[in-house]
Structures are given as structure tokens and as C-alpha cells.
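Colleague: Quick one: this structure, given as C-alpha cells, is what I'll be asking you about.
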Amino acid sequence: MALEHVDVLIVGAGLSGVGAGCHLRTSFPDKSCAILEARDSIGGTWDLFRYPGIRSDSDMYTLGYRFRPWSDAKAIADGPSILNYVRETAREYGVDEKIRFGHRVVRAEWSTAEASWTVEATRTDTDEAVRLTCGFLLMCSGYYSYDGGYTPEFGGTERFEGEIVHPQKWPEDLDYAGKRVVVIGSGATAVTLVPAMAAAAGHVTMLQRSPSYIVSLPGEDGFANFLRRVLPARLAYSIVRWKNVVITSLFYELSRRRPRLIKALIRRSVARRLPPGYDVDTHFKPRYNPWDQRVCLVPDGDLFESIGNGQASVVTDRIETFTENGLRLASGRELEADLIVTATGLNLLPIGGMEIAVDGREVELAQTVGYKGMMFSGVPNLGVALGYTNMSWTLKCDLTCQYVCRLLNHMDANGYRQATPRSPDPSLPTQPLIDLASGYVLRSIDRFPKQGARAPWRLYQNYPRDILMLRHGTVEDEGIEFSRAVVPESAERRAA
Ligand SMILES: Cc1cc2nc3c(=O)[nH]c(=O)nc-3n(C[C@H](O)[C@H](O)[C@H](O)COP(=O)(O)OP(=O)(O)OC[C@H]3O[C@@H](n4cnc5c(N)ncnc54)[C@H](O)[C@@H]3O)c2cc1C
């Protein structure tokens, strides 16, 4: 029996997958498209994470889609508002009708002879295998495993008489009112959880091995809210979006070029928000430079405020072991707790854990090189929506989707059936795809493709540069090969 065929198959119905669906529906109303989603709901990250205070840590004028203005007053928005925005977008563009929930994609095999992918998914309710074919496969599966977050091996957890919770699996009915809470971690999740829980908890301690950079920004953008009142929504959105792109880019570039200046500025701003005499250097002075790891953002200094009013505190130490009553630290100090939250990170996972084969040959993703930050060498007709690490995710995903539409247009116009990124010259050096030194990146980066030393194989993490390359740059360049051929080379060789 012939398998169902769609022109474009999207994997994942999170922020990126819904965005990709909108781009495709708008650019190619006549192309068939489907979205396979492993979970039973839209929204990905913004539906999965339910911990107190869940919010964006970049502004919504750049985390929102370019084509659909963010219209809430808050620039740093809470998770439910973001989820609502994704759902409404899907409804407005008719993308929700294209989603098949409960389909976990496990494998994709490319056939040059057929110029199509055969994609295999498992139905999460029945374990039944479902197969379909597509001309182009667009992975919008995020970058981490949905099975569970990362928790280091801590000794003595079995002895602890309280509760241990990971933010990725937050129990709906968890009652922490009046309790002594320890949040282990110093990343974006920890700095969100601490002030959010502090209001109801007895006391919240953020226990960190080492400090992170934390920058406070206003939760609402007064300029944006003013512009929205006096200008048409789209125009106001576009201006604020560009303002934020410029500010974020400048901050990033200055952090890389003048780290001492930025370190001093961040330290001063943190010290100003903490009580006089607070030991800023022990708890808020990282040992690395800004943007060697992600810089955390807190709205309206909420973390510092909860430290200032005594509801929360920070301890910088190492865990020796869990005990019956809490934690014993390397310094010998004991931290008593009723609830311990392990905000210790995610498990990175490329392309949703899917296996790939091209013409019968298994593809080892780590052996491939990224092309324009959205395709892989030697893997035809497959795009990946991977956002920025130094700016809002969606800025890059919007560009990736636009590029995929341009690529499909170009292929249609020239009768091409296959677009395969080439490997860069082997004499050129390669480097890891993500250049952050954060633990969660270092733990898994060897499973990700590499990047090359120069364009189009280099990932610049630079929005203006990517606009030139992906929105306006040439589609046929030295890094990609197009073909109309229907017979794989290897098959021809075998026949000869
Ligand atoms: C707590 C948290 C806060 C964040 N805040 C920000 C922020 O403020 N700004 C920012 O820029 N970034 C932020 N990020 C990064 C964030 O993940 C992205 O911004 C964005 O939400 C990612 O969207 P996505 O659709 O690409 O991936 P996801 O949201 O991860 O969605 C992927 C979807 O694909 C599905 N999927 C995965 N694998 C498969 C498979 N094999 N088969 C079928 N379906 C599959 C998943 O079920 C999921 O629905 C944050 C991340 C986290 C965890």
C-alpha cells in the first residue's frame, strides 16, 4: 500500500514548529504539509515547564514571531501567556489543523531514487508504527530531551526525608507554603524559581557551586507600550524588535570584546540592588567572562529584592551529600530543607533523538557539518530550526523558515528534487556547533554536528549577518548541491 505523502513534514509543534507551519501555509498554500508532535499538546517548552514563575528570559518582541506582533504589556512574559500566544498563532494561521499529536518521530530514511524521506513515527498511545513520506523534512524538535532533565549524581538522596523535584517534572499539586526550600543551581531556571517561590515558602536558599552573570531588566518596556498606543501594531512591533536586537547585539559584542568593562558594569548594577555590605563577589562574581555561558536575566531585579527582604538567600558551596534533613556542604555547613529543587539543567538532544539514513547509509550526526546553521552536510532536503544562544530563539527560527521557503521555491523553479549541503574542505578546521562553556552544553556537544571555520558552514550567532545570508543571500552557493537526478550515484556505480 502506498504511504501517505506530504510535500513538507514538520517535526514538533512548539514555538518553532508552529512558526514553520505559518511560514509554509503563507508562502505555499498549495503545498501539503503535516506536523508530527510527540506530545498531546501545542507549545513544547511553554507547555512542558510548569514550575512557579516560569517565564521568558529574553524579551517577547524578539521571542515572538516576526509576522505576528506580541501585544501584551509585559516584555518578559510568563509561560502561560507565551503558550497562549503560540496556540492563538496556530489557530489564526490554520496550523493547528495540520498537527498530529502523539506521534514521536524515531527514524527518517532518504532515498535519492524517490527524492523523498520515509519517516517513521511511533504512536504514543498504542506504540503503533506510522510511516509516511515527504519531500522536505523540517525538524522543529527543540534542543533537549523531553524524557527528563539533568540531575547530577548526588550522594545520600535516598536518605533525604523531604521531597526532591526537578523543574522539568513539576508536580501539579506541590505545596511548598511555609516550607524550607533549597534550589540547587544558578542558571535561568534557578533565578526564576527563587523569587517566585520566596513569596509563599518559609525561606528559599539558592545553592550554587559557582555564580552566574545576572542582569536585571524592566519587566515591561515603557517605550514599547508607548509606541503601541501611538503607532499601528505592526510598525510599533517592528521598531521595538529592532531596538532590542540592536541593544542585545551590542551587549553581546561588547561582552566579547571588552569583558572587563561589562563585568564591572554588571557587578555594579548587582551591588546596587543588594543590601549594603552584601558579599557580592562570593555570590555574584563569576569566574568566567560574560557570554562564555548564558547571561541570566531577571525582571525588575526580583531575585535581588527577595534576597534584600530576607525571603531568599544565596549559598555558594559544594554539596557533599544529602542527609535526612537536607544537605551537608563541602564547607561542613548543613542546610536544612523540606523541599529540594534540582534546577540542574536539561539533557541536550539533537533532532529529537531521530535516527537518519541516506540511501541506506546511517548518518552519524556528529560527523556532519552544519550548513547555514540549519542543514547538515551530506543530508539532503532536511532543515533544522535551531535558535540563537545569545539572542531570542525565534529570531533565527523565523529566518530558517524563510530560507526553507526560498529553497523550496528555488527547487520548484529549477525542477530540482534534491538539495544536499556539501562538507567543507577537509583541510579547514571544524569546531563545536555551540560555543558556550556551560555544563549542559559540554556534557552533550559531541552528539551534535560540527561547524566550519567560515560561511556557509560557520554559525555566527549574529542576526543581522543571518538576515543577509538567509533572507537575501544566494540560494545556490559553494556549500550546496542541487540535483534533478533520480538515481543515486552509488546505485549507478553498482550497476556499472
Ligand atoms: C524554561 C525555558 C525557558 C526558556 N526561555 C527562553 C527565552 O526566554 N528566550 C529564548 O530565546 N529561548 C528560551 N528558551 C529556549 C526555548 O526552548 C526556545 O525559546 C523555544 O521555546 C524552543 O521552541 P522549539 O519549538 O524550537 O522547541 P520546543 O519548545 O522544545 O518544542 C519542540 C517540540 O517538538 C516535539 N518533539 C521533540 N522531539 C520530537 C520527536 N522525535 N517527534 C515528534 N515531536 C518531537 C516536542 O514534544 C515539542 O513539542 C527557554 C527554554 C526553557 C527550557
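The values are calculated or read from the model by the stated rules, or taken from the named source; none is laboratory data. All figures in this text were calculated on a predicted structure; none of them were measured in a lab. Cβ sites come from the backbone with ideal geometry, for glycine too, and all protein chains shown count toward neighbours.
Colleague: Any idea how many residues of the stretch 244-279 are free of Cβ contacts under 8 Å to residues at least 24 places away in the same chain, among the charged types (D, E, K, R) and in a helix (DSSP H, G or I)?
Modeller: 6
Colleague: Let me ask you something else. Within the stretch 167-229, considering only strands (runs of 3 or more DSSP E) that don't extend past its boundaries, which have at least 2 residues that are within 14 Å of the ligand (Cβ to nearest atom) and either touching a strand residue (DSSP E or B) at 6+ places or on another chain (Cβ under 8 Å) or within 15 Å of Ser56 (Cβ to Cβ) (or both)? Steps first, answer last, please.
Modeller: Working: elements: 180-184, 203-208, 214-217.
Counting at least 2 such residues, we get 214-217.
Colleague: While we're looking at this one, here's another question. Restricting attention to the stretch 445-480, and to residues there that are hydrophobic (A, V, I, L, M, F, W, C) and within 19 Å of the chain's Cα centre (by Cα), which single residue is surrounded by the most Cβ atoms within 10 Å (Cβ to Cβ)? I'd like the intermediate steps shown before the answer.
Modeller: Quick first cut of the stretch 445-480, residues hydrophobic (A, V, I, L, M, F, W, C) only: 445, 448, 453, 455, 457, 459, 467-470, 475, 480.
Going one step further and asking which of them are within 19 Å of the chain's Cα centre (by Cα), we end up with 445, 448, 459.
Working: Ile445: 17, Phe448: 21, Leu459: 25.
For the stretch 445-480, the residue satisfying everything is Leu459.
Colleague: Which of the numbered conditions does Ala77 fail, given that it passes all the others? Conditions: (1) closer than 20 Å to Met391 by Cα; (2) more than 13 Å from the ligand (Cβ to nearest atom).
Modeller: So Ala77 meets the others, but not (2).
Colleague: Suppose the filter is crowded, with 16+ Cβ neighbours inside 10 Å and either out of contact with any helix residue (DSSP H, G or I) (no Cβ under 6 Å at 6 or more places or on another chain) or among the basic types (Lys, Arg) (or both); does Thr62 pass it?
Modeller: Values: crowded, with 16+ Cβ neighbours inside 10 Å: yes; either out of contact with any helix residue (DSSP H, G or I) (no Cβ under 6 Å at 6 or more places or on another chain) or among the basic types (Lys, Arg) (or both): no.
Criteria not met by Thr62.
Colleague: Quick check: anything in the stretch 339-360 more than 11 Å from the ligand (Cβ to nearest atom), under 20 Å from Gln461 (Cβ atoms), among the small types (Gly, Ala, Ser) and in contact (Cβ under 8 Å) with a residue 12 or more places away in the chain?
Modeller: No, the stretch 339-360 contains no residue that is more than 11 Å from the ligand (Cβ to nearest atom), under 20 Å from Gln461 (Cβ atoms), among the small types (Gly, Ala, Ser) and in contact (Cβ under 8 Å) with a residue 12 or more places away in the chain.
Colleague: I've got another one for you. Mind counting the residues in the stretch 286-315 that are in contact with a helix residue (DSSP H, G or I) (Cβ under 6 Å, 6 or more places away or on another chain) and of a type in the set (D, E, K, R)?
Modeller: 1
Colleague: Looking at the structure I just gave you, is Gly155 in contact with a strand residue (DSSP E or B) (Cβ under 6 Å, 6 or more places away or on another chain), more than 21 Å from Asp317 (Cα to Cα), surrounded by fewer than 20 Cβ atoms within 10 Å (Cβ to Cβ) and not hydroxyl-bearing (Ser, Thr, Tyr)?
Modeller: Numbers: in contact with a strand residue (DSSP E or B) (Cβ under 6 Å, 6 or more places away or on another chain): yes; more than 21 Å from Asp317 (Cα to Cα): no; surrounded by fewer than 20 Cβ atoms within 10 Å (Cβ to Cβ): yes; not hydroxyl-bearing (Ser, Thr, Tyr): yes.
No: the conditions fail for Gly155.
Colleague: Can we say Arg87 is more than 12 Å from the ligand (Cβ to nearest atom), within 18 Å of Ser141 (Cα to Cα) and not aliphatic (A, V, I, L, M)?
Modeller: Values: more than 12 Å from the ligand (Cβ to nearest atom): yes; within 18 Å of Ser141 (Cα to Cα): yes; not aliphatic (A, V, I, L, M): yes.
Yes, satisfied.
Colleague: A follow-up question, please. Whether any residue in the stretch 44-59 is in contact with a Lys or Arg (Cβ under 8 Å, 6 or more places away or on another chain), more than 12 Å from the ligand (Cβ to nearest atom) and on the phi < 0 side of the Ramachandran plot is what I want to check. Spell out how you get there, then give the answer.
Modeller: Initial filter on the stretch 44-59 (in contact with a Lys or Arg (Cβ under 8 Å, 6 or more places away or on another chain)): 47-48.
If we keep only those that are more than 12 Å from the ligand (Cβ to nearest atom) too, we end up with none.
Among the residues of the stretch 44-59, not one is in contact with a Lys or Arg (Cβ under 8 Å, 6 or more places away or on another chain), more than 12 Å from the ligand (Cβ to nearest atom) and on the phi < 0 side of the Ramachandran plot, which makes the answer no.
Colleague: Right, something else. Step by step: first the residues of the stretch 22-43, then only those that are buried (at least 18 other Cβ atoms within 10 Å of the Cβ) and more than 10 Å from the ligand (Cβ to nearest atom), then the one that is nearest to Val8 (Cα to Cα). Which residue is that? Let's see the steps before the verdict.
Modeller: In the first step, residues of the stretch 22-43 are kept if they are buried (at least 18 other Cβ atoms within 10 Å of the Cβ); the result is 22-24, 33-39, 42-43.
Okay, now just the ones that are also more than 10 Å from the ligand (Cβ to nearest atom), so 22-24, 33-34.
Values: Cys22: 13, His23: 12, Leu24: 9, Cys33: 5, Ala34: 7 Å.
Ranking the qualifying residues of the stretch 22-43, first place goes to Cys33.
Colleague: Select from the stretch 140-164 the residues that are under 19 Å from Trp46 (Cβ atoms) and more than 8 Å from the ligand (Cβ to nearest atom) and list them in ascending order.
Modeller: Listed by number, the residues that qualify are Ser145, Asp147, Gly148, Gly149.
Colleague: Next question. Collect the residues in the stretch 80-99 that are of a type outside the set (Val, Ile, Thr) and touching a strand residue (DSSP E or B) at 6+ places or on another chain (Cβ under 6 Å), keeping them in residue-number order. It would help to see each step written out before you state the result.
Modeller: First, pick out the residues of the stretch 80-99 that are of a type outside the set (Val, Ile, Thr): 80-81, 83-85, 87-88, 90-94, 96-98.
Answer for the stretch 80-99, where residues must be of a type outside the set (Val, Ile, Thr) and touching a strand residue (DSSP E or B) at 6+ places or on another chain (Cβ under 6 Å): just Lys98.
Colleague: Tell me, please, whether a residue that is of a type in the set (S, T, N, Q) and not in a loop (DSSP other than H, G, I, E, B) can be found in the stretch 284-298.
Modeller: Just the residues of the stretch 284-298 that are of a type in the set (S, T, N, Q), to begin with: 289, 293.
Still in the running and not in a loop (DSSP other than H, G, I, E, B): 293.
Yes.
Colleague: Is there a residue being part of a loop (DSSP other than H, G, I, E, B) and touching a strand residue (DSSP E or B) at 6+ places or on another chain (Cβ under 9 Å) anywhere in the stretch 402-417? Don't jump to the end; show me each part of the working.
Modeller: Taking the stretch 402-417 first, the residues part of a loop (DSSP other than H, G, I, E, B) are 415-417.
This time we only want the ones that are touching a strand residue (DSSP E or B) at 6+ places or on another chain (Cβ under 9 Å), so: 416-417.
There is at least one residue in the stretch 402-417 that is part of a loop (DSSP other than H, G, I, E, B) and touching a strand residue (DSSP E or B) at 6+ places or on another chain (Cβ under 9 Å).
Colleague: Which of (1) of a type in the set (A, V, I, L, M, F, W, C); (2) more than 8 Å from the ligand (Cβ to nearest atom); (3) touching a Ser or Thr at 6+ places or on another chain (Cβ under 6 Å) does Phe67 not meet, given it meets every other one?
Modeller: (3)
Colleague: Would the stretch 96-115 turn up any residue that is in a strand (DSSP E or B), more than 12 Å from Gly43 (Cβ to Cβ), within 14 Å of the ligand (Cβ to nearest atom) and acidic (Asp, Glu)? Quick ask: steps written out before the conclusion?
Modeller: Going residue by residue through the stretch 96-115, those that are in a strand (DSSP E or B) are 99-100, 103-111.
Going one step further and asking which of them are more than 12 Å from Gly43 (Cβ to Cβ), we end up with 100, 103-111.
Next, from what is left, pick out any that are within 14 Å of the ligand (Cβ to nearest atom): 100, 103-108.
Checking which are acidic (Asp, Glu) leaves us with none.
Looking for residues that are in a strand (DSSP E or B), more than 12 Å from Gly43 (Cβ to Cβ), within 14 Å of the ligand (Cβ to nearest atom) and acidic (Asp, Glu), one finds none in the stretch 96-115, hence no.
Colleague: On to the next question. Quick one: in the stretch 385-394, which of the residues that are crowded, with 24+ Cβ neighbours inside 10 Å and over 16 Å from Val295 (Cα atoms) is farthest from the ligand (Cβ to nearest atom)?
Modeller: The first filter runs over the stretch 385-394 and keeps only residues crowded, with 24+ Cβ neighbours inside 10 Å, leaving 385-386, 392.
With over 16 Å from Val295 (Cα atoms) added as a condition, the list becomes 385-386.
Values: Ala385: 6, Leu386: 8 Å.
Result: Leu386.
Colleague: Which condition breaks for Ser141 when tested against (1) touching a helix residue (DSSP H, G or I) at 6+ places or on another chain (Cβ under 9 Å); (2) of a type in the set (S, T, N, Q); (3) over 22 Å from Ile10 (Cβ atoms)?
Modeller: (3)
Colleague: Now for a different question. Report, by residue number, each residue of the stretch 457-496 that is aliphatic (A, V, I, L, M), at pLDDT below 90 and not in a loop (DSSP other than H, G, I, E, B).
Modeller: Of all residues in the stretch 457-496, those aliphatic (A, V, I, L, M) come to 459, 467-470, 475, 480, 485-487, 491, 495-496.
Now narrow it down to the ones that are at pLDDT below 90: 485-487, 491, 495-496.
Result: Ala491, Ala495.
Colleague: If we keep just the residues of the stretch 305-333 that are of a type outside the set (Ser, Thr, Tyr) and touching a Ser or Thr at 6+ places or on another chain (Cβ under 7 Å), which is nearest to Arg268 (Cα to Cα)? Spell out the reasoning first.
Modeller: Restricting attention to the stretch 305-333, the residues satisfying the condition of being of a type outside the set (Ser, Thr, Tyr) are 305, 307-312, 314-315, 317-320, 322, 324-330, 332-333.
Filter again for touching a Ser or Thr at 6+ places or on another chain (Cβ under 7 Å), leaving 307, 312, 315, 317, 322, 328.
Working: Ile307: 17, Ala312: 21, Val315: 20, Asp317: 23, Phe322: 35, Arg328: 32 Å.
Restricting to residues being of a type outside the set (Ser, Thr, Tyr) and touching a Ser or Thr at 6+ places or on another chain (Cβ under 7 Å), the top hit is Ile307.
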